[in-house]
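Peer 1: My questions will all concern the structure given below.
Every read-out reported here was derived from the displayed coordinates using simple, explicitly stated rules and does not represent laboratory data. It should be emphasised that the depicted structure is a prediction, and the values quoted were computed from it without experimental measurement. Counting neighbours? That spans all protein chains shown, and the Cβs are built from the backbone with ideal geometry, glycine included.
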Amino acid sequence: MPTVPQLHLAVLTCMDSRLDLFGALGLELGEVHLIRNAGGIASDDAVRSLLLSQRLLGTESIMVIHHTRCGLESFDEETLQGELEAEFGERPPFRLGAYRDVDADVTSTVETLRRSPFVKDTEIRGFVFNVDDGDLREVPTHQ
């Protein structure tokens with residue numbers, strides 16, 4: 001039987017190797033579900049993971065944590081999509097997630113989760129982790 005996260009919390013965050021969120025948040029194994037992808041975006045798979053986390057394993061709150069100096073800030077979505085189309089003969093069927101403003105991207109991700117019919121109407125808060133000094137600050141989002 002899978003272990004229910006002790007804090008009933010799921011965290012959607014980036015796959016960046018500089019993020020030690022267990023250390024930064026003072027967490028131990030078994031306390032939260034940590035869902036990671038490039039940019040911590042609310043992809044179909046992230047929503048699927050959150051749905052299962054909530055429905056089968058009792059998570060009740062969601063934290064969205066993006067970070068400073070993310071690789072998704074370093075390219076233009078349309079340009080890279082065009083390059084991929086030229087190389088592979090088609091564009092990926094998913095967005096890559098490029099953005100310019102980390103706070104705006106956190107807000108957008110939180111809003112996407114709040115609008116999803118597959119994510120319970122629950123507490124969803126957004127944060128930015130500073131990879132240089134370890135600071136974690138909340139991004140005000142409106143519910």
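Peer 1: How high is the relative contact order of segment 9-137, given as a whole-number percent (alpha carbon pairs under 8 Å, six or more residues apart)?
Peer 2: Answer for segment 9-137 is 29 percent.
Peer 1: Right, here's the next one. Could you list Arg36, Arg48 so that the one with the fewest beta carbons within 10 Å of its beta carbon is first and the one with the most is last?
Peer 2: Neighbour counts put them in this order, fewest first: Arg48, Arg36.
Peer 1: Please report the net charge: other residues with Cβ closer than 12 Å to the Cβ of Phe129, K and R +1, D and E -1.
Peer 2: Net local charge, Phe129 excluded: -3.
Peer 1: Next question, about the same structure. Which value, in debye to the nearest 20, describes the size of the charge dipole of segment 104-143 about its Cα centre when Lys and Arg Cβ atoms bear +1, Asp and Glu Cβ atoms bear -1, and nothing else is charged?
Peer 2: Computed about the Cα centre, the dipole is about 300 debye.
Peer 1: Let me know the longest stretch in the chain that avoids all GluC sites (Glu not before Pro) found in a DSSP loop with at most 10 other C-beta atoms within 10 Å.
Peer 2: Here the longest segment lacking exposed loop sites spans 29-89.
Peer 1: Let me ask something else about it. For the modelled label position 7 Å from the Cα of Leu51 along Cα-to-Cβ, which residues of segment 90-130 have backbone nitrogen atoms closer than 12 Å?
Peer 2: Counting backbone N atoms under 12 Å from the label point, the list is 116-120.
Peer 1: Note down the net charge around Thr3, summing +1 for each Lys or Arg and -1 for each Asp or Glu among other residues with Cβ under 13 Å from its Cβ.
Peer 2: -2
Peer 1: Just the C-alpha atoms of the chain: what Rg/Rh do they give, with Rh taken as the Kirkwood radius?
Peer 2: Rounded to two decimals, Rg over Rh is 0.99.
Peer 1: When Lys and Arg each count +1 and Asp and Glu each count -1, what net charge do the other residues less than 14 Å away from Met63, Cβ to Cβ, add up to?
Peer 2: Residues close to Met63 contribute a combined charge of 0.
Peer 1: Considering only DSSP beta bridges where both residues belong to the chain, give the percentage that are antiparallel (nearest 5).
Peer 2: 20
Peer 1: Can I ask one more? Assign one of three labels to segment 1-59, namely rounded, prolate or oblate, based on the Cα gyration tensor with a ≥ b ≥ c the square roots of its eigenvalues; rounded applies when a/c is under 1.5, prolate when it is not and a/b is larger than b/c, and oblate otherwise.
Peer 2: Oblate shape, in that a/c is at least 1.5 and b/c is the bigger or equal ratio.
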